[in-house]
Amino acid sequence: MLGLERQSAAAAHWTELQYQVALRTDESGSGRLVLVVDQDAEGMIPSEQKGTTELLAFLVAHYLGPEWELENIVVASSVRRKGLGARLVDELLARARKAGSEAVFLEVRESNQAARMLYEKLGFEAAGRRKRYYVNPQEDAILYRCGFQASLRDGL
C-alpha cells in the first residue's frame, strides 16, 4: 500500500506506522475499513484476504459512529479512469448505508478536479474548506459530505 501511495502525488501520504494502525483490529467500536483491488480480483476483497498479486487500488475509511471518514484512496496510474476509484467509494457508501450510518465525509485537494468530479457524481456535496490543510505543495482542502436520508438508513 505504501509503495502504491508513494506513486500518487494527490494521495494522502501516510507513514508505514499509520498503515499498520489502519490494518489493526479495533475493539473500541470505532474502526477502519480497508478495501483493496488487485490484478486478479473480480471486485474488492477485504485486506485480510488479499494475496501477493499486484495492488491496483485501495481505500481506507474510519468509522466514527454514526459517521465515516474516507481517509485515503489511491488508484495506480496505469488503471486510472477505469472505474476502480468509483467502485471503491461505492462499496464504502453501500457499507455505510447498511450499517445505518448518517454520512461519509472526506477532504480533497482543491486542485484535484478529477477526484472532486468523481465525489460529486457519487452524491457528495461540498461542505467546507480547510485553509492550507495540505503541504508540499501548500493547498486548501475541500470538505465533502455524503449524507443518507433516514428513510434509506431505516429501510422506510
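The values are calculated or read from the model by the stated rules, or taken from the named source; none is laboratory data. Owing to the predicted nature of the structure, the values given are computational and were not obtained by experimental measurement. Virtual Cβ from ideal backbone geometry, glycine too; neighbours counted across all protein chains shown.
Points to keep in mind about this one:
- Filtering segment 96-135 to residues that are in contact (Cβ under 8 Å) with a residue 40 or more places away in the chain and outside any strand (DSSP E or B) leaves Ala96, Arg97, Gly100, Ser101, Glu102, Asn112, Ala115.
- In the set (1) farther than 24 Å from Gln18 by Cα; (2) modelled with pLDDT of 90 or more, Gln149 fails one condition alone, (2).
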